Amino acid sequence: MNSICELLNIQYPILQGGMGNVSNAELASAISNAGGLGTIGAGTMSPEEVENLIIATKGMTDKPFAVNVPLTVASNVKEILRLLIKYKVEVVSLSAGNPAPYIPKLKEHGLKVICVVASVYHAKKAEAARADLLVAEGYEAAGLNSPYETTTMVLLPQVSKSVQIPVIAAGGIADGSGMAAAFALGAQGVQMGTRFIATKEAPFHERYKTSLVEADDTKTLIVGRSTGKIRRIYDTPYAQKLIQLEKNGVSPEEFITHTSEDHHILGAVKGDLENGFINSGQIAGMVSDVPSVKDLLETMMKEAREAVSMLNNRFI
């Protein structure tokens, strides 16, 4: 059995990325029920909101799922982590900050800890802090991004060679051939966000899903470089407003206001692309349908096996 599947008690080595305040129990539970690892994100939600989301997810699946906690932006990190222990959430994903102070307590209570990293240095630090797994996330990924701007294909093999614990690839993966490529570069699993948006169970606005299906390879862009708040989003009217704000010299504080989770919800949930944004990874141009989560995972596994077989025939 794949080591990540065994460690996380899942069928397929496919994880859902944290989606901040637009996280929902419907999609996370569907992914877990289909054999992957669903994830809900704490985002900037209050502990009470996170608690309700955990309860809702547990009501929809008896399979393992994860909670992502972005350490530098989450509301009351310690209280949220206490909730994960209270409700015996099997897996916690820590990102956007130093995980070392929090890992011992989580592991003491039997939680598996995943740390999201964007450099070899942080990968080594997370391993030293006793993380169970790493997610090596490249610059292709949606949402908040690393200032290093290292692509997955470059980051992944370097991280994989630098640590002894299993590594999961994130950023730029949308299908089974991408998963096979990640495995060839040292990954033992993959994490996806954008591809799961365009699924039947994902309760996002149809404008969001349609945008992904209609996208080409140039439909995402980076905003926030001028403020140090780098984010990859879909090219929408609101995205162009953000670019113009940067050209006009917007302050970091103003930019944070304009890219708050309120604007994220406006775009992703309400479909208001004039006043809200939608996160999207560069794989948007690879999305051509809206399958069920179950069909997506099964198709990816089939495609991955076929890709490996093709390579064996080609090189051996």
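The values are calculated or read from the model by the stated rules, or taken from the named source; none is laboratory data. As the structure is a computational prediction, the values presented were derived from the model and not from experiment. All Cβ positions, glycine included, derive from the backbone under ideal geometry; neighbour counts span all protein chains shown.
Condition check ((1) out of contact with any strand residue (DSSP E or B) (no Cβ under 7 Å at 6 or more places or on another chain); (2) in contact (Cβ under 8 Å) with a residue 40 or more places away in the chain; (3) outside the structural domain of Leu156 (by TED's automatic domain parsing)) across all residues:
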site: Met179; (1), (2), (3): no, yes, no
site: Phe183; (1), (2), (3): yes, yes, no
site: Val213; (1), (2), (3): yes, yes, yes
site: Arg225; (1), (2), (3): yes, no, yes
site: Gly228; (1), (2), (3): yes, yes, yes
site: Arg232; (1), (2), (3): no, yes, yes
site: Gly249; (1), (2), (3): yes, no, yes
site: His258; (1), (2), (3): yes, no, yes
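Which residues, counting only those in region 272-287, are in a helix (DSSP H, G or I) and not aliphatic (A, V, I, L, M)?
Narrowing region 272-287 to residues in a helix (DSSP H, G or I): 282-286.
Those that are in a helix (DSSP H, G or I) and not aliphatic (A, V, I, L, M): Gln282, Gly285.
Conditions first: (1) closer than 15 Å to Gly43 by Cβ; (2) surrounded by fewer than 23 Cβ atoms within 10 Å (Cβ to Cβ). Tyr87 passes all but one, so which condition is the exception?
In the conditions (1) closer than 15 Å to Gly43 by Cβ; (2) surrounded by fewer than 23 Cβ atoms within 10 Å (Cβ to Cβ), Tyr87 misses (1) alone.
Report yes if Ala28 is assigned to a helix (DSSP H, G or I), among the aliphatic types (A, V, I, L, M), more than 23 Å from Lys229 (Cβ to Cβ) and in contact with a Ser or Thr (Cβ under 7 Å, 6 or more places away or on another chain), otherwise no.
Yes, satisfied.
A quick yes/no check of all residues on (1) buried (at least 22 other Cβ atoms within 10 Å of the Cβ); (2) in contact with a His (Cβ under 6 Å, 6 or more places away or on another chain); (3) not hydrophobic (A, V, I, L, M, F, W, C):
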| site | (1), (2), (3) |
| --- | --- |
| His264 | yes, no, yes |
| Gly267 | yes, no, yes |
| Leu273 | no, no, no |
| Asp289 | no, no, yes |
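Kindly state which helices (runs of 4 or more DSSP H) lie completely within region 50-138 and contain at least 1 residues that are within 19 Å of Leu155 (Cα to Cα) and basic (Lys, Arg).
120-128
Where residues in region 31-47 are assigned to a helix (DSSP H, G or I) and polar (S, T, N, Q), which of them is farthest from the chain's Cα centre (by Cα)?
Kept after step one, since they are assigned to a helix (DSSP H, G or I), are these residues of region 31-47: 31-33, 47.
Those still in the list that are polar (S, T, N, Q) too: 32-33.
Numbers: Ser32: 15, Asn33: 18 Å.
Within region 31-47, the match that is farthest from the chain's Cα centre (by Cα) is Asn33.
Within region 290-316, track down each residue that is in a loop (DSSP other than H, G, I, E, B) and closer than 23 Å to Gly189 by Cα.
Taking region 290-316 and keeping what is in a loop (DSSP other than H, G, I, E, B), we get 290-292, 316.
Val290, Pro291, Ser292, listed by residue number.
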